[in-house]
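Sharing a structure below in structure tokens format, with a few things to ask.
Quick note: the coordinates plus some simple rules give every number you see, no bench work behind them. Here the structure is a predicted model, which means the values were calculated and not measured. Virtual Cβ from ideal backbone geometry, glycine too; neighbours counted across all protein chains shown.
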Amino acid sequence: MARRRSRRAAFPGSERSLDRFKAEVMREAGYKVSPEQPNQVKYEVAQSLGIPLVPGSNGQLRTEDAGRIGGQIGGRMVRELVRMAQQQLQSREPR
């Protein structure tokens with residue numbers, strides 16, 4: 001049986017910063033994102049993938065489709081974090 005994930009950030013208090021980061025990354029990817037409601041971008045991502053996601057109950061949604069939606073968002077966030085880390089490492093002076 002699969003373990004249910006916690007929907008809380010690993011560091012208490014970082015939720016707003018993560019939401020702002022999500023909004024920024026998805027806006028740069030061409031999605032319309034409201035800074036006040038960055039989690040709503042999942043509906044636009046679902047629509048672009050042809051997945052029928054609607055507010056409320058989505059009991060008909062396959063796990064694979066939910067993963068495709070989340071993967072688009074989370075994957076872009078991770079790629080941007082890696083890019084930022086690489087840039088920061090390159091800007092350090094060698095010892």
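So if R0 is 25 Å, what FRET efficiency would Arg92 and Ser34 give, r being the distance between their Cβ atoms, rounded to the nearest 0.05?
The pair Arg92/Ser34 has a calculated efficiency of 0.10.
Continuing with the same structure: Tell me what the chain gives for mean residue ellipticity at 222 nm when only DSSP H runs of n ≥ 4 count, each as -39,500 (n - 2.57), the sum divided by the residue total, rounded to 500 deg cm²/dmol.
-18500 deg cm²/dmol
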